[in-house]
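S.K.: Would you mind keeping the following structure in view while I ask a few things?
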Amino acid sequence: MGTILKTNDLTKKYGNKVVVDNLNLEIQEGEVFGLLGPNGAGKSTTMNMITGIVNPTLGNVEFEGKDFKKNRKSLIDKLGYIPQELAIHGNLKAWENVELFTSLYGIKGAELKERINESLEYVGLLERRNDFAKTFSGGMKRRLNIACAIGHHPDLLIFDEPTVGIDPQSRNFILDKIKESNKNGSTVIYTSHYMEEVEAICTRIAIMDNGKIIATGTSEELKKMVKDDISTITLEEVFLNMTGKKLRDL
Ligand SMILES: Nc1ncnc2c1ncn2[C@@H]1O[C@H](COP(=O)(O)OP(=O)(O)OP(=O)(O)O)[C@@H](O)[C@H]1O
Ligand SMILES: [Mg+2]
C-alpha cells in the first residue's frame, strides 16, 4: 500500500501568528489516521489546507503523488470532506442537501437519485429524507453532514471533529460508520480532541499542539515514547508528558 496523501512543509500564518508550522504528514492508503490535539492546535486549518479551502502560506499537498493544487480538477472527486462547521442548509430537505453536494461532482439523473438514497441510508436517515434539515437533532445534522460528503464515493474521507456536542448513541453510530467505510476500502483522516475516540478507531496517530506535530505513531508506540510499561499510561498522559498541557479540560 502506498502513500495517498503527503504534506510538504505545510505552513499557515495569520498575521504574525504561525498556526500550522511546517507540517510533514504522510498518510498511507487504507489507514485511519488520527490527528489529535487540543482546541486551537491547528487541526481544522490543516484540514482546510489539505482540501484546498485555505491557501497555505508555504508548502504544498500531494494527493496520489500529484500536486493537489495543480491537479485539483482531476483529484477533487477522490476526496470527501466532513467539515467541523456544518455545511448543511436548514431550509432544504435532507435529500436536497445530499443532492446539492453530490451533484457538484457531475453526478446526474438516475445515478444521482441512487447515490442520494444510498448516502441517506448509510447514515440512517433514509426515512427522514423529506424532512427539512432544520428540524433535525444535533446528531442527525452531523449525520446528514456526513451523507453530503460521501455520495461521490471518495477514496479519502476527512472527518473534522464529527462527534462534537452530540449524544453517545449518535457518536457511536458515527464511529462505527467510519470503521465500516475504512473496511470497505476508504482511507480516513480523523481529527479530534477526544483521545478515547482516536484510540478506538485510528491505526496511527499524530499528536498536534501549537501548529506542530509533536509525535506520530500507533497508540502503543506513542505510549512507549513516554513509559516502558504502557499498560499504566493513557494517551491523555502521553499528551500531558509531551506538551506539559492537558488535552482538554476534564
Ligand atoms: N481565519 C483565521 N484568521 C485568523 N486566525 C485564525 C483563522 N482561522 C484559524 N485561526 C487561528 O488559528 C489557530 C488554529 O485554529 P484551528 O481552527 O485550526 O484549530 P483546531 O485545532 O481546529 O481547534 P478546535 O479543536 O477548536 O476546532 C487558532 O488560534 C485560531 O484562532
Ligand atoms: Mg477545529
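The values are calculated or read from the model by the stated rules, or taken from the named source; none is laboratory data. Every value quoted in this text rests on a predicted model; they were computed, and no experiment measured them. Cβ atoms come from the backbone with ideal geometry, glycine included; neighbour counts cover every protein chain shown. Surface areas here come from the heavy atoms of the whole protein model, side chains and all, with no ligands, DNA or RNA. Shrake-Rupley method; radii C 1.70, N 1.55, O 1.52, S 1.80 Å.
S.K.: Can you list the residues, at least 5 places off or on another chain, whose amide H is less than 5 Å from the amide H of residue 4, using H built in the peptide plane?
M.R.: Those lying under 5 Å, H to H, from residue 4 are 27, 28, 29.
S.K.: Which length gain, in nm to one decimal place, applies between residue 89 and residue 167 when the Cα-Cα distance is subtracted from 0.36 nm times their residue separation? Don't skip to the end; give the middle numbers.
M.R.: Details: separation 78, 0.36 × 78 = 28.08 nm, distance 2.13 nm.
In short, 26.0 nm is gained.
S.K.: If a helix is a whole DSSP H run, which ones in the chain reach 15 Å or further along their own axis (Cα) and hold a mean Kyte-Doolittle hydropathy of at least -1.0?
M.R.: Numbers: long enough: 109-122 (20 Å, -1.04); 138-150 (19 Å, 0.28); 168-183 (22 Å, -1.33).
Taking the DSSP H segments of the chain (at least 15 Å long, mean hydropathy at least -1.0), we get 138-150.
S.K.: Among the listed pairs 12/69; 78/134; 6/43; 134/246; 134/183, which are separated by more than 24 Å between their Cα atoms?
M.R.: Cα-Cα > 24 Å for 78/134; 134/246; 134/183; rest within.
S.K.: Determine the sum of side-chain charges near residue 119: Lys and Arg each +1, Asp and Glu each -1, restricted to other residues whose C-beta is under 15 angstrom from that of residue 119.
M.R.: 0
S.K.: Sticking with this structure for a sec: Tell me what the chain gives for mean residue ellipticity at 222 nm when only DSSP H runs of n ≥ 4 count, each as -39,500 (n - 2.57), the sum divided by the residue total, rounded to 500 deg cm²/dmol. Numbers along the way, then the final one.
M.R.: Values: 9 runs with 89 residues, N = 250.
Dividing the helical sum by the residues of the chain leaves -10500 deg cm²/dmol.
S.K.: Tell me the accessible surface of residue 170 in square angstrom (1.4 angstrom probe, heavy atoms of protein chains only), to the nearest ten.
M.R.: Taking all protein chains as shown, residue 170 has close to 10 Å².
S.K.: With a probe of 1.4 Å, find how much accessible area segment 157-233 has per residue, and write the answer as a whole number in Å².
M.R.: On a per-residue basis, segment 157-233 sits at 45 Å².
S.K.: Roughly speaking, to the nearest percent, how much of segment 1-146's 1.4 Å accessible area is carbon and sulfur?
M.R.: 47 percent
S.K.: In what sequence, largest accessible area first, do 179, 6 appear using a 1.4 Å probe?
M.R.: 179, 6
S.K.: Rank 72, 204, 129 by mean-square fluctuation in a GNM of the chain with C-alpha springs under 10 angstrom and give only the top-ranked residue.
M.R.: Most flexible of the set in this elastic network: 72.
S.K.: Still on this model: Quick check: residue separation of residue 130 and residue 26 times 0.36 nm, minus the Cα distance between them. What number comes out in nm?
M.R.: Once the chain is fully extended between residue 130 and residue 26, it gains 33.4 nm.
S.K.: Additional query: Could you size up the charge dipole of the chain around its Cα centre, putting +1 on the beta carbon of Lys and Arg and -1 on that of Asp and Glu, and report it in debye to the nearest 20?
M.R.: On the way: 33 positive and 35 negative charges, 163 e Å.
The dipole of the chain has a size of about 780 debye.
S.K.: Right, here's the next one. What is segment 109-196 by shape, rounded, prolate or oblate, if you read a ≥ b ≥ c off the alpha carbon gyration tensor as root eigenvalues and call it rounded for a/c under 1.5, prolate for a/b larger than b/c, and oblate otherwise? Display every interim value, and only then the final one.
M.R.: Numbers: a/c = 2.13, a/b = 1.17, b/c = 1.82.
Cα axes put segment 109-196 in the oblate bin.
S.K.: Using only the C-alpha atoms of segment 144-250, find the volume of their convex hull and express it per residue in Å³.
M.R.: Expressed per residue, the convex hull around the Cα atoms of segment 144-250 is 124 Å³.
S.K.: Once you have a ≥ b ≥ c as the square roots of the Cα gyration tensor eigenvalues for segment 63-125, tell me rounded if a/c is under 1.5, and otherwise prolate or oblate according to whether a/b is larger than b/c.
M.R.: prolate
S.K.: How much of residue 240 can a 1.4 Å solvent probe reach, expressed as accessible area in Å² and rounded to 10?
M.R.: 80 Å²
S.K.: Once the whole set of protein chains is in place, how much accessible area is left on residue 21, using a 1.4 Å probe, in Å² to the nearest 10?
M.R.: Rounded to the nearest 10, the figure is 50 Å².
S.K.: Answer with one residue from 242, 92, 158: the one whose Cα lies farthest towards the positive end of the charge dipole of the chain, charges on Cβ with Lys, Arg +1 and Asp, Glu -1.
M.R.: 92
S.K.: Taking the Cα centre of the chain as the origin and placing charges on Cβ (Lys, Arg +1; Asp, Glu -1), which of 11, 188, 230 is farthest toward the positive end of the dipole?
M.R.: It is 11.
S.K.: Can you tell me which of 36, 156, 79 moves the most in a GNM of the chain? Springs connect C-alpha atoms under 10 Å apart.
M.R.: Judging by the Gaussian network model, the answer is 79.
S.K.: Continuing with the same structure: Kindly identify segment 1-92 as rounded, prolate or oblate by the Cα gyration tensor criterion: order the square roots of the eigenvalues as a ≥ b ≥ c, call it rounded if a/c is under 1.5, otherwise compare a/b with b/c, prolate if a/b is larger, else oblate.
M.R.: rounded
S.K.: Amide H neighbours of residue 34 under 5 Å, counting only residues 5+ apart in sequence or on other chains, H built in-plane at 1.01 Å?
M.R.: Counting only residues 5 or more places away or on other chains, the set is 190, 203, 204, 205, 206.
S.K.: Using heavy-atom solvent-accessible surface (probe 1.4 Å) with all chains present, what is the largest-first order of 137, 44?
M.R.: 137, 44
S.K.: Across 5 Å bins from 0, what is the distribution of all Cα-Cα pair distances for segment 23-161, in whole percents?
M.R.: Result, from short to long distances: 2, 10, 19, 20, 19, 15, 10, 5, 1, 0 percent.
S.K.: Can you give the log10 of the normalised intensity I(q)/I(0) at q = 0.12, 0.13, 0.16, 0.20 Å⁻¹, computed with Debye over equal Cα scatterers of segment 190-250?
M.R.: -0.24, -0.29, -0.44, -0.72
S.K.: Shifting gears a bit: Taking springs between alpha-carbon atoms closer than 10 angstrom, which of 206, 215, 110 fluctuates most in the Gaussian network model of the chain?
M.R.: Fluctuation is largest for 110.
S.K.: Quick one: with all protein chains in place, what share of the accessible area of segment 183-250 is carbon or sulfur, to the nearest percent (1.4 Å probe)? Let's see the in-between values first.
M.R.: On the way: 1620 of 3430 Å².
Roughly 47 percent, rounded to a whole number.
S.K.: Shifting gears a bit: Work out how far the C-alpha atoms of the chain reach from end to end along every principal axis, then list the three figures in whole Å, largest first.
M.R.: 55, 41, 38
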